[in-house]
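One structure below.
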Amino acid sequence: MARILVVEDSAFLAKSLRQFLEEEGHEVVGVAGDGFEGVSSFEALAPDLTLLDITMPGMDGRSCLREILVLDESARVLMVSAIQSRQAILDCLSAGAVGYVEKPLRFSDEAFRADFRASIADALNHD
C-alpha cells in the first residue's frame, strides 16, 4: 500500500490516524507536529501521500502545503482539519491539495471509515 506522512499537532489524533492507516495496510513513514517539521519530514521521507492539518503552531497547514508543493509539484496532500471555512478549504484546494477531510475523525463509525478510506484512495490516484 502507500507510504504516508501525518502532519498533525494533536498527539492523540496523530496516534489514531497512524492506527487507522496501519489497519488499512498503509505504512506511516513519519509523524510531524507542525508545518516546519512537516516540510522537513516530507523532504526526507518522500511519502506517497501527506495528511495535513490546517491549524497548527508555528507554520500552519496552508504554508506547509505551499512549501511541500515547491519541493514536489506533484505531491499528493490531503487536508484533514476542523476548519469549516469554505474559503480556507478552497484556498487549500486551489493551492494544490488533492482533497479535504473534515474533523472530527470518527474512527468508530464504519460509514466514516469507508468515506475516509475512499478519500485516501482518491488522493493516491489523483494525477
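At a glance:
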| item | result |
| --- | --- |
| Among the residues listed as G38, G30, G96, G58, the single one being touching an Asp or Glu at 6+ places or on another chain (Cβ under 6 Å) and either surrounded by 14 or more Cβ atoms within 10 Å (Cβ to Cβ) or over 22 Å from N125 (Cα atoms) (or both) | G58 |
| Hits in region 2-26 - residues which are charged (D, E, K, R) and either within 17 Å of F116 (Cβ to Cβ) or in contact with a His (Cβ under 6 Å, 6 or more places away or on another chain) (or both) | E8, K15, R18, E22, E23, E24 |
| Cβ-Cβ under 6 Å pairs, at least 6 apart or on other chains, region 38-63 side closer than 14 Å to L78 by Cα, far side assigned to a loop (DSSP other than H, G, I, E, B) | D48/A2; L49/A2; L49/R76; D53/E8; I54/I83; G61/D53; G61/I54 |
| Scan of region 87-102 for residues that are assigned to a helix (DSSP H, G or I) and either closer than 18 Å to G35 by Cβ or within 13 Å of the chain's Cα centre (by Cα) (or both), ordered by number | A88, I89, D91, C92, L93, A95 |
| Among (1) surrounded by 15 or more Cβ atoms within 10 Å (Cβ to Cβ); (2) not in a helix (DSSP H, G or I), the one test that Q84 misses | (1) |
| Residues being of a type in the set (S, T, Y) and more than 15 Å from T55 (Cα to Cα) - total across region 71-91 | 1 |
| Qualifying residue in region 103-117 (condition: modelled with pLDDT of 95 or more, surrounded by fewer than 18 Cβ atoms within 10 Å (Cβ to Cβ), of a type in the set (D, E) and assigned to a loop (DSSP other than H, G, I, E, B)) | yes |
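The values are calculated or read from the model by the stated rules, or taken from the named source; none is laboratory data. On a predicted model such as this, the values are computed, not experimentally measured, just so you know. Heads up, the Cβs are rebuilt from the backbone with ideal geometry, glycines too, and the neighbour counts pull from every protein chain shown.
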